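Below is one structure, written out as structure tokens; comments come after it.
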Ligand code: RIB
């Protein structure tokens with residue numbers, strides 16, 4: 001079976017819910033506070049594992065209680081952790097999340113995630129042609145660039161989720177197989193170019209997620225639009241990560257992009273019905289049942 005290697009961030013999410021998002025300089029009274037496992041890399045790994053893929057997480061945590069909880073969470077979800085490194089004298093990354101007015105705002109403190117680096121020999125041991133690599137941008141950009149160049153030279157497919165958005169070099173963009181920004185990240189990356197023009201430039205490569213408006217990409221002949229499913233929204237945190245994890249699962253199973261995107265849109269739509277980045281991530285059967293109704 002082909003496997004997915006997620007090289008990315010592993011964090012603890014510190015989540016407050018509040019009726020009103022505070023303005024700069026304002027203090028508001030919130031309702032609840034919880035700590036739940038998160039980090040875009042970890043979320044994508046858990047999403048893929050829940051959907052039945054063989055998944056390995058590659059990242060760094062601190063030698064603290066958050067790190068221990070995160071490790072247990074990976075085990076419970078069937079994510080391989082033999083390349084999850086505990087860094088002494090470092091703390092686990094955290095994401096400080098405000099859930100208010102139906103949406104989230106997030107401040108990420110990278111901490112141990114800044115230590116994700118490789119030698120060429122380590123990459124040789126980690127990756128082969130049966131691997132699909134998932135990357136995001138909460139670890140050092142040099143690492144993302146190094147891994148992408150390595151994979152390109154060995155024909156290993158890479159799915160890059162460019163979040164949170166940062167400028168990408170042309171080389172990085174060329175080295176990856178799929179790029180999956182949301183509409184805001186897409187604007188940050190490419191400016192105000194009309195979306196359809198942009199999609200036509202990158203057939204079967206640029207896949208743009210648009211929340212309740214679904215997903216679009218260009219298949220070489222026409223723009224494909226996969227509509228979102230209707231959902232009872234509890235928390236949208238992690239919906240993009242579920243999309244990326246699910247897309248990777250369907251692609252390693254050998255499906256075409258259209259089918260993979262449909263699978264991922266359904267998984268992502270279901271994920272918003274639970275609290276926390278990983279709380280609503282569906283299992284395979286949930287997605288299969290919902291796909292039959294679409
Ligand atoms: O994509 C959602 C994730 O972004 C959260 O889990 C948080 O950790 C931030 O990194």
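Here the sum of -39500 (n - 2.57) over DSSP H runs of 4 or more residues, divided by the residues of the chain, equals -10500 deg cm²/dmol at 222 nm, to the nearest 500. Annotation: the antiparallel percentage among DSSP beta bridges lying fully within the range 1-157 is about 40. Quick check on the range 183-230: take the gyration tensor over C-alpha atoms, sort the square-rooted eigenvalues as a ≥ b ≥ c, and tell me if it's rounded (a/c under 1.5), prolate or oblate. Oblate is the answer for the range 183-230, as a/c is 1.5 or above yet b/c matches or exceeds a/b. Convex hull volume per residue, computed on the Cα atoms of the range 207-291, equals 80 Å³. Placing pseudo-labels 7 Å out from each Cα toward the beta carbon at residue 65 and residue 130 gives an inter-label distance of 4.1 nm. Normalised radius of gyration (Cα atoms, divided by 2.2 N^0.38 Å) for the range 89-228: 1.15. Taking 217, 243, 33 as the candidate residues, the one with maximal mean-square fluctuation in a Gaussian network model of the chain, Cα springs under 10 Å, is 33. Multiplying the residue separation of residue 285 and residue 16 by 0.36 nm and subtracting their alpha-carbon distance yields 93.7 nm.
One Cα centroid belongs to the range 114-168, the other to the range 1-68; the line between them spans 20 Å.
Applying 0.36 nm per residue to the separation of residue 120 and residue 34 and subtracting their alpha-carbon distance, the gain on full extension is 27.0 nm.
Percent of Cα pairs in the range 136-294 per distance bin of 10 Å, from zero to the largest separation: 11, 40, 37, 12, 0. The ranking of 120, 259 from fewest to most other beta carbons within 10 Å of each one's beta carbon is 120, 259. Across 42, 95, 267, mean-square fluctuation computed from a Gaussian network of the chain (C-alpha pairs under 10 Å connected) peaks at 95. For the range 151-221, what class follows from the C-alpha gyration tensor (a ≥ b ≥ c being the square roots of its eigenvalues): rounded when a/c is under 1.5, otherwise prolate if a/b is larger than b/c, else oblate? Prolate, because a/c is 1.5 or more and a/b exceeds b/c. Would the range 35-76 count as rounded, prolate or oblate if I go by the C-alpha gyration tensor, calling it rounded below 1.5 in a/c and otherwise prolate when a/b exceeds b/c, oblate otherwise? Here the range 35-76 falls in the prolate category.
Annotation for residue 107 and residue 259: the two label points, set 7 Å from Cα along the Cα-Cβ direction, are 4.6 nm apart. Only beta bridges with both residues in the range 132-272 are counted; by DSSP, about 45 percent of them are antiparallel. Separation of the range 246-294 from the range 176-209 is 21 Å, based on Cα centroids. When Rg and the Kirkwood Rh are both derived from Cα coordinates, the Rg/Rh ratio for the range 79-140 amounts to 1.07. Comparing the chain with the 2.2 N^0.38 Å rule of thumb, its C-alpha radius of gyration ratio is 0.95 (two decimals). Looking at the chain, the DSSP beta bridges with both ends there are about 40 percent antiparallel.
If you build a Gaussian network model of the chain, linking Cα atoms that sit under 10 Å apart, which residue out of 237, 131, 169 swings the most? Ranking 237, 131, 169 by mean-square fluctuation puts 169 first. In this label model, residue 27 and residue 174 are separated by 5.5 nm, measuring between points 7 Å along each Cα→Cβ vector.
Calculate the FRET efficiency for residue 234 and residue 187 from the Cβ-Cβ distance with a Förster distance of 22 Å, rounded to the nearest 0.05. It comes out at approximately 0.20.
Using the Stokes-Einstein relation with a Kirkwood hydrodynamic radius computed over Cα pairs, the translational diffusion coefficient of the range 219-260 at 37 °C and a viscosity of 0.692 mPa s comes to 271 µm²/s.
We did not get these values from a lab; they are worked out from the coordinates using the rules stated. Note that the coordinates shown come from a computational prediction; the quantities given were computed from them, not determined experimentally. Every residue, glycine as well, gets a Cβ built from its backbone with ideal geometry; the counts of neighbours run over all protein chains shown.
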